[in-house]
Amino acid sequence: MGWARKVLRVNLTKGTCAAEPLNMEWAAQYLGQRGLATKYLASEIDPKCDPLGPDNKIIWATGPLTGTMASTGGRYSVITKGPLTGAIACSNSGGYFGAELKMAGWDMVIFEGVSPKPVYLLIQDDTAELRDAAHLWGKTVWQTEELLKKGHQDPLMRVSSIGRAGENRVLFACVVNDLHRAAGRSGVGAVAGSKNLKAIAVRGTRGVTGIANPKEFMKVTAEKKKILADNAVTGQGLPTYGTQVLMNVINEVGALPTRNSRDVQFEGARKISAEAMREKRPTDGKANLVTNAACFGCTIACGRISKMDETHFTVANRPEYWGATGGLEYEAAWALGCANGVEDLEALTYANILCNEDGIDPISFGATVGAVMELYEMGVLTKEQIGIEAPFGSAKALAHLAEITVRGEGFGREVGQGSRRLCEKYGHPELSMTVKSQEFPAYDPRGIQGMGLTYATSNRGACHLRSYTVASEILGVPVKTDPLATEGKPELVKAFQDATSVFDSAGVCVFTTFAWTMADLAPQLQAACEGDWSLEKLEKMGERIWNLERQFNLAAGFTAKDDDLPRRLKTEPAKTGPAKGLVNGIDKMLPVYYRVRGWTPQGVPTAETLQRLGL
Amino acid sequence: MKVTLKLYAALSDYLPDAARAGSALELDLPEGTRLTELVGRFNLPERLTHLVLVNGLYVAPAERAARMLGEGDVVAIWPPIAGG
């Protein structure tokens, strides 16, 4: 089997660590990582609990393919009740930490209670103990990793930690590993901070043992790697240009949310795109992009490594920011750039570095800054309140707001509450571009209709990674559909949601789906895991996981009213581009979606649906 | 007629040096020029002519040969790419 069959339960209140067997009955129903950890969480906490209170739990979970030879098999997720949304939170990260945890012999770590003082969890293979983190509290993610490696004299140790933002309970604080890979969304880092949990440091030397059919596994994973290598997108497009190549695409199709979604096209898009990152700067003759990078076991390597212009106003005389580090991905470049109208690539890179260094989600942060700038332009917020003039397009305001938000200073504390709370406080809730209090990512639902339904129904609040219909509507994977049409989108969204649930539960990266289908994943699971992992079983499992998350949210108090988009997207038509004159047709799509899902018109799974899925 | 050609990612190499910084080239084309004729004029390899948009709207491979360009059209082309 691909599982280690072992769970580490850490009671932070008592300071205890105990091993327990993985519930294999649940593993057969929910696979691992996202699905299985959600089953544990939903079974152990009251969905109505305070996300930042002692009754919430937080789980670090791997999948059965994490740490194996399967391509991209380095993923882990952090699952909890999210403080930004109050909904189920499941944030997925790459890098090397997940594989290390699995190689230490653990499928997941469940934290419960609250530690009376800051601690970190030290795992060395079978041994696990809580250690005092007084020397780490108040430190950035980067300082924490360095201090832990030096303190334990182990440069091979892997660290997953929070920065100051998580300590300060910024509601979109991340958990970061390997310096710039993050379980980024929904504020999982704030939950860790609320528990006085600074980090997990792990060293695993056991390898992943117990693959059900090793010979077959080696053969089938090699075959599937070849598919990724031969595919023009995963073999060439993503490694060369990264996700950032989408900047000009989404701008051309008129679906690039700009200036807090006032516009759907950004005149500065070219200047902050993948193409611009490769061009030599006039100031120093060097390009922003240094190279690409891969996570554990990944044969795609989409990651960006960048170096800043040392003369840029954000880092001049600050050599600590001159080194090569995680660069802009599309979502971050959009949120820090288009959402605010900022077209200064170096300023975006700087803000992104701060997000990595202290652990905040650049999507929610950038989108919240977009709302701040709109409120400033309306005269609702002033220079005195913000600490700087903050019109759309101000790179200085972006840099300033990033600095004070990660440090928890002044107005930064308000930004750290996210746009829904901030806009409500200042009397303009309609300006928050959120669903279930989580900020939109980089696709405007007026220009890509399916993404409106994706955001409205995402179980963790607005998110592109729950059903990436952009693949079909814009890129033609697996089949091309019309981005401006609503017909067929409920079925498309459901199919993407269910399939993504499986990939997120297996331990592999969702980017494999640009080349793989579920039929490529199934034989890898079949070779790794005991039992039946047929395509049919996996498809049903994806639907089961989606409905399990939905049930958690309903029990937490969410209703159909929360499956909605901000008024702006339903009443203010796109001003330019192919979607000119269009709003999002969520009201047409949602009833059909409920029906396709086997839910009542109120968005509740019927008894028949629950029975069919074994829920 | 005036037509704008935008070539992105690896296709930028097919633009004249002066046009690369903006990824775009303004062209004066004879009336009735078809999309495939424009692609042929720049020797764009078929395997790299993947995502083709005219004024932001997708043009399927089967429709490209028949597609006539008009005054002010903006043609944008990418090799196989993706993001997230």
(request) Grab the DSSP H runs of the protein assembly as shown that are 4 residues or longer, score each as -39,500 (n - 2.57), total them, divide by all residues and round the 222 nm result to the nearest 500 deg cm²/dmol. (result) -10000 deg cm²/dmol
(message) Straight-line reach only, C-alpha to C-alpha below 22 angstrom: list the lysines that A:LYS198 could link to, leaving out same-chain residues fewer than 8 apart.
(response) A:LYS14, A:LYS57, A:LYS81, A:LYS102, A:LYS117, A:LYS139, A:LYS149, A:LYS150
(message) Once you place label points 7 Å from the Cα toward the Cβ at A:SER43 and A:GLU536, how far apart are they in nm?
(response) 2.6
(message) I want to check the label-to-label distance for A:THR205 and B:ARG64. Put each point 7 Å from Cα in the C-beta direction and report it in nm to one decimal.
(response) 5.6
(request) For the range B:2-83, state which GluC sites (Glu not before Pro) are in a DSSP loop and have at most 11 other beta carbons lying within 10 Å of their beta carbon. (result) B:GLU31, B:GLU71
(request) List the residues whose amide H sits under 5 Å from the amide H of A:ILE360, counting only those 5 or more places along or on another chain, with H placed 1.01 Å from N in the peptide plane. (result) A:CYS174
(request) Using only the alpha carbon atoms of the range A:408-482, find the Kirkwood hydrodynamic radius as the inverse mean reciprocal pair distance, in angstroms to one decimal. (result) 13.5
(message) Suppose R0 equals 56 Å. What FRET efficiency, 1/(1 + (r/R0)^6) with r the Cβ-Cβ distance, do B:ALA21 and A:GLU223 give to the nearest 0.05?
(response) 0.85
(request) Give the distance, in whole Å, between the Cα centre of the range A:393-448 and the Cα centre of the range A:26-77. (result) 28
(request) Give, in nm to one decimal, the length gained when the segment between A:ALA28 and A:ASP587 is fully stretched (0.36 nm per residue of separation minus the Cα-Cα distance). (result) 197.6 nm
(request) Please report, in debye to the nearest 20, how large the charge dipole of chain A is about its Cα centre when each Lys and Arg carries +1 at its beta carbon and each Asp and Glu carries -1 there. (result) 460
(request) Determine the dipole magnitude for the range A:279-378: charges of +1 sit on the beta-carbon of Lys and Arg, -1 on that of Asp and Glu, nothing else is charged, the reference point is the Cα centre, and the result goes in debye to the nearest 20. (result) 380
(message) Explain nothing, just the number: dipole magnitude of the range A:6-203 about its Cα centre with +1 on each Lys and Arg Cβ and -1 on each Asp and Glu Cβ, in debye rounded to the nearest 20.
(response) 400
(request) Compute log10 of I(q)/I(0) for the range B:30-84 with the Debye formula, placing one identical point scatterer on every Cα and leaving out solvent, at q = 0.15, 0.16, 0.27, 0.29 Å⁻¹, to two decimals. (result) -0.40, -0.46, -1.24, -1.40
(message) Relative contact order of the range B:2-78, please, whole-number percent, based on alpha carbon pairs below 8 angstrom and at least 6 residues apart.
(response) 46
(message) Can you compute the radius of gyration and Dmax for the protein assembly as shown, using only the Cα atoms, both in Å?
(response) 24.1, 80
(request) Find the relative contact order for chain A and round it to a whole percent, using C-alpha pairs within less than 8 Å whose residues are 6+ positions apart. (result) 16
(request) Take every residue in peptide A:241-249, count the Cβ atoms of other chains within 10 Å of its Cβ, and give the average of those counts. (result) 6
(request) Mind jotting down the three principal axis lengths of the range A:466-615 based on Cα atoms? Whole angstrom, largest first. (result) 54, 35, 22
(message) Through the Karplus equation 6.51 cos²θ - 1.76 cosθ + 1.60, θ set to phi - 60°, convert the phi angles of the range A:317-324 into ³J(HN,Hα) values in whole Hz; use x for Gly and Pro.
(response) 6, 10, x, 4, 10, 8, x, 6
(request) Work out the FRET efficiency for B:ARG47 and B:LYS2 from their Cβ-Cβ distance, taking R0 = 30 Å, and round it to the nearest 0.05. (result) 0.55
(message) Given points 7 Å out from each Cα along the Cα-Cβ axis, report the A:ASN317 to A:LYS425 separation in nanometres with one decimal.
(response) 3.2
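Read-outs throughout are calculated quantities, based only on the coordinates presented, and are distinct from any laboratory measurement. Values in this document were obtained by computation on a predicted structure and should not be read as measured data. Positions of Cβ are backbone-derived with ideal geometry, glycine not excepted, and every protein chain shown enters the neighbour counts.
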